[in-house]
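See structure below.
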Number of protein chains: 2
Amino acid sequence: MATPTDGTRDDAGRVRRVTRADVARAAGVSTAVVSYVMNDGPRPVAPETAERVRAVMAELGYRPNFTARALNLGTTHTLGLVLQDTLNPFFAELAQSLERAASARGYHLVVAESHGDPATEQRLVAELTGRQVDGLLLMSSGDRWRDPAPRDPRDPPTVLLDCAGPVAGRHTIGPDAADGARAAVTHLAQTHGRRRTGLVIGPDGLASPDPRIVGWRDAIAAHRVIEGPLMIETWSNAGGYRAARRLIETGTLPDALFVSSDAQAIGVVRALLEAGVDIPRECPLVSFDGTRAGEYTWPALTSARQPVGEMADLALDLLTSERSTPRHHAFPVGLVLRESCGCPPTPPSVASDH
Amino acid sequence: MATPTDGTRDDAGRVRRVTRADVARAAGVSTAVVSYVMNDGPRPVAPETAERVRAVMAELGYRPNFTARALNLGTTHTLGLVLQDTLNPFFAELAQSLERAASARGYHLVVAESHGDPATEQRLVAELTGRQVDGLLLMSSGDRWRDPAPRDPRDPPTVLLDCAGPVAGRHTIGPDAADGARAAVTHLAQTHGRRRTGLVIGPDGLASPDPRIVGWRDAIAAHRVIEGPLMIETWSNAGGYRAARRLIETGTLPDALFVSSDAQAIGVVRALLEAGVDIPRECPLVSFDGTRAGEYTWPALTSARQPVGEMADLALDLLTSERSTPRHHAFPVGLVLRESCGCPPTPPSVASDH
């Protein structure tokens with residue numbers, strides 16, 4: 001690792017940062033030429049000069065002042081990501097994919113958590129905007145605050161993620177949730193002969209009613225299934241646990257369940273097993289999200305899988321490439337057949353860790 | 001929401017950012033006075049003048065240029081966090097606590113993931129350092145790269161998290177892992193009468209051998225227990241699953257297991273149940289971490305709990321307050337008794353979501 005040279009100490013012997021001027025002096029060029037080498041333009045620099053400047057930078061241990069460059073270039077190469085809850089396995093996987101997609105494009109993510117609180121979310125959006133992030137990625141919360149993104153034309157471009165439907169004038173990304181719900185209920189009815197299917201879901205988001213409710217009802221009508229109880233609880237393990245406990249305690253457990261998130265399904269599985277309910281024999285279930293966490297419950301979760309990698313790539317493209325007209329992007333979700341529906345057991349994919 | 005006024009459009013009618021000069025002009029003060037109002041100094045400003053400047057800022061929709069301020073003030077109020085794997089429930093909870101602790105102190109986190117790859121980690125540390133973060137929080141990977149943090153005196157202060165032991169010249173934070181392991185094995189021996197306890201763990205980290213191996217061996221010696229197999233697999237669900245499969249397939253499953261992380265324990269539980277092994281009757285287990293994810297397995301994980309909130313607070317204090325001499329900070333871990341060890345069932349704490 002480079003140690004500071006004499007040139008990086010001031011008269012009192014204190015370490016100071018090597019500046020562009022130090023590099024220019026040592027290389028015998030102007031500070032402008034140093035900038036051209038660093039920024040690969042705008043003016044051309046003779047290859048041998050550029051070579052000499054780079055050698056001096058390395059020798060002095062020069063680190064470009066990122067903050068100063070950001071000010072000059074008008075970009076911070078930073079994106080803000082506001083999450084509701086990083087412990088929800090779907091949000092965690094989407095955040096991981098967003099970080100990978102950002103990193104692949106030379107961006108860093110400032111990550112902040114709203115804990116599902118609209119006021120916190122609003123504050124975070126304002127703070128990140130004030131930091132001159134180049135774009136905002138929002139997984140927005142609740143139904144109380146319908147449009148969290150800034151509308152000022154001077155504010156950074158924004159993508160709303162985990163959106164069940166369009167929001168006027170916005171880039172929104174989400175699953176085709178109604179279709180996923182239809183596939184889940186259809187699978188339980190057609191493949192496993194279930195006649196009464198309940199629904200566990202969270203509070204409505206920006207699109208209301210949640211399209212998963214619509215899809216569940218559609219499939220129930222189409223397959224002459226009876227509508228089981230509709231349980232609304234928080235989008236979390238605890239929410240799913242509470243919903244299933246209530247079904248058990250009130251004697252209203254249907255003969256199948258569609259659970260609208262893996263986070264909730266993990267809690268539902270725990271509550272059913274604790275109460276001695278056999279999954280899938282007594283109560284098969286299909287969840288929504290298809291996270292890797294759902295591979296490790298026993299039985300593993302059959303699930304409508306959201307394509308998080310593709311969603312993350314599109315989100316980054318929308319923020320970092322040419323502006324396009326805001327619209328909703330719905331991604332198809334496909335059923336991943338594991339065990340909780342009654343399909344034959346499939347061991348977790350253990351060949352690799354990811 | 002404020003809409004741009006005429007003063008924020010250029011001659012071609014394009015929207016442009018309101019500058020400090022615009023505010024100064026409209027308020028009839030110098031740009032220096034605007035700065036003093038924004039930064040609360042260094043020179044005093046008459047209350048009525050400050051009031052007028054603030055009113056003009058609000059009217060024009062002025063947003064201080066964060067990048068320019070960072071350059072002037074020499075601080076970005078940003079900390080870098082490098083994680084190995086955001087899907088590991090312990091890392092996810094620690095990251096969440098760090099974000100809360102940072103937010104409470106007025107800092108934002110730039111979060112990046114190394115995927116446990118030392119070269120990626122090194123690149124991320126260099127990038128974050130180049131961004132002039134005010135400090136670095138590292139959950140470092142593997143045994144191949146023993147000290148990931150920059151050593152240059154011009155680089156930001158750094159705290160190494162999830163450290164099982166001291167690293168010379170570093171602020172390090174970690175659990176008293178040997179003690180937690182001793183408590184786990186002692187509980188299985190004394191309370192549940194288990195005579196042969198195996199260990200599932202990941203590869204060594206910065207402290208080698210992992211103190212959990214030391215603690216497991218200590219307790220085995222102290223309680224005249226037989227040392228069961230020692231399985232080393234990745235720190236993940238998949239790693240735990242593979243370790244347990246191997247124990248089952250080779251007929252070497254001991255009569256109890258200490259599993260060194262909740263991530264692995266979730267995989268172990270899944271593999272044992274899949275093979276028809278009764279937990280806790282045939283093979284009780286105690287894990288390490290004590291995450292909320294461990295509340296939702298069935299049976300729930302008895303676990304040596306790491307105090308993530310306290311660890312996060314100390315990490316932030318070390319980075320943001322007066323410099324102290326680098327040393328190791330070991331946090332006590334206490335056993336959380338749930339079900340996987342054979343203690344009576346305890347339902348998840350469902351009163352609140354967190």
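Residues being assigned to a loop (DSSP other than H, G, I, E, B) and closer than 30 Å to A:Asp278 by Cβ: count how many of those fall in segment A:318-344.
Just the residues of segment A:318-344 that are assigned to a loop (DSSP other than H, G, I, E, B), to begin with: A:321-327, A:332-333, A:337-344.
With closer than 30 Å to A:Asp278 by Cβ added as a condition, the list becomes A:333, A:337-344.
Looking only at that region, the number is 9.
Return yes when B:Gly202 is surrounded by 24 or more Cβ atoms within 10 Å (Cβ to Cβ) and within 12 Å of chain A (Cβ to nearest Cβ) and no when it is not.
Details: surrounded by 24 or more Cβ atoms within 10 Å (Cβ to Cβ): no; within 12 Å of chain A (Cβ to nearest Cβ): yes.
Against the criterion (surrounded by 24 or more Cβ atoms within 10 Å (Cβ to Cβ) and within 12 Å of chain A (Cβ to nearest Cβ)), B:Gly202 does not qualify.
Looking at segment A:223-254, which of the residues that are part of a helix (DSSP H, G or I) and touching a residue at least 40 places away in the same chain (Cβ under 8 Å) is nearest to the other protein chains (Cβ to nearest Cβ)?
Filtering segment A:223-254 for residues part of a helix (DSSP H, G or I) gives A:237-249.
Okay, now just the ones that are also touching a residue at least 40 places away in the same chain (Cβ under 8 Å), so A:240, A:243-244, A:247.
On the way: A:Gly240: 9, A:Ala243: 10, A:Ala244: 11, A:Leu247: 14 Å.
Among those residues, the one meeting the criterion is A:Gly240.
Out of B:Val23, B:Val33, I need the residue that is in a helix (DSSP H, G or I), modelled with pLDDT of 80 or more, more than 14 Å from chain A (Cβ to nearest Cβ) and touching a Phe, Trp or Tyr at 6+ places or on another chain (Cβ under 8 Å). Which one?
Values: B:Val33 fails: touching a Phe, Trp or Tyr at 6+ places or on another chain (Cβ under 8 Å).
Only one candidate passes the filter, namely B:Val23.
Can you confirm whether segment B:191-205 contains a residue that is without any contact (Cβ under 8 Å) to a residue 24 or more places away in the chain and over 14 Å from B:Ala256 (Cα atoms)?
Going residue by residue through segment B:191-205, those that are without any contact (Cβ under 8 Å) to a residue 24 or more places away in the chain are B:193.
Remaining after also requiring over 14 Å from B:Ala256 (Cα atoms): none.
Looking through segment B:191-205, none of the residues is without any contact (Cβ under 8 Å) to a residue 24 or more places away in the chain and over 14 Å from B:Ala256 (Cα atoms).
Keeping to segment B:108-132, report how many residues are in contact with a helix residue (DSSP H, G or I) (Cβ under 7 Å, 6 or more places away or on another chain), touching a residue at least 40 places away in the same chain (Cβ under 8 Å) and more than 8 Å from chain A (Cβ to nearest Cβ).
Qualifying residue count for the region: 0.
Determine the pairs where a residue that is under 10 Å from B:Arg242 (Cα atoms) and touching a residue at least 60 places away in the same chain (Cβ under 8 Å), located within segment B:259-274, has a partner that is part of a loop (DSSP other than H, G, I, E, B) and of a type in the set (Gly, Ala, Ser) with Cβ atoms under 8 Å apart, the partner being 6 or more residues away or on another chain.
B:Gln264/B:Gly202; B:Gln264/B:Ser236
What is the one condition in (1) surrounded by 24 or more Cβ atoms within 10 Å (Cβ to Cβ); (2) among the hydrophobic types (A, V, I, L, M, F, W, C); (3) over 19 Å from B:Ala238 (Cα atoms) that A:Ile279 does not satisfy?
Here A:Ile279 clears every test but (1).
Going through segment B:296-310 one residue at a time, which ones are part of a helix (DSSP H, G or I) and either within 14 Å of chain A (Cβ to nearest Cβ) or in contact with a Ser or Thr (Cβ under 7 Å, 6 or more places away or on another chain) (or both)?
Step one: of segment B:296-310, the residues part of a helix (DSSP H, G or I) are B:308-310.
Passing the criteria: B:Val308, B:Gly309.
The values are calculated or read from the model by the stated rules, or taken from the named source; none is laboratory data. Keep in mind it's a predicted model, so treat the numbers as computed, not measured. Using ideal geometry, Cβ is built from the backbone for each residue, glycine included, and neighbour counts are taken over all protein chains shown.
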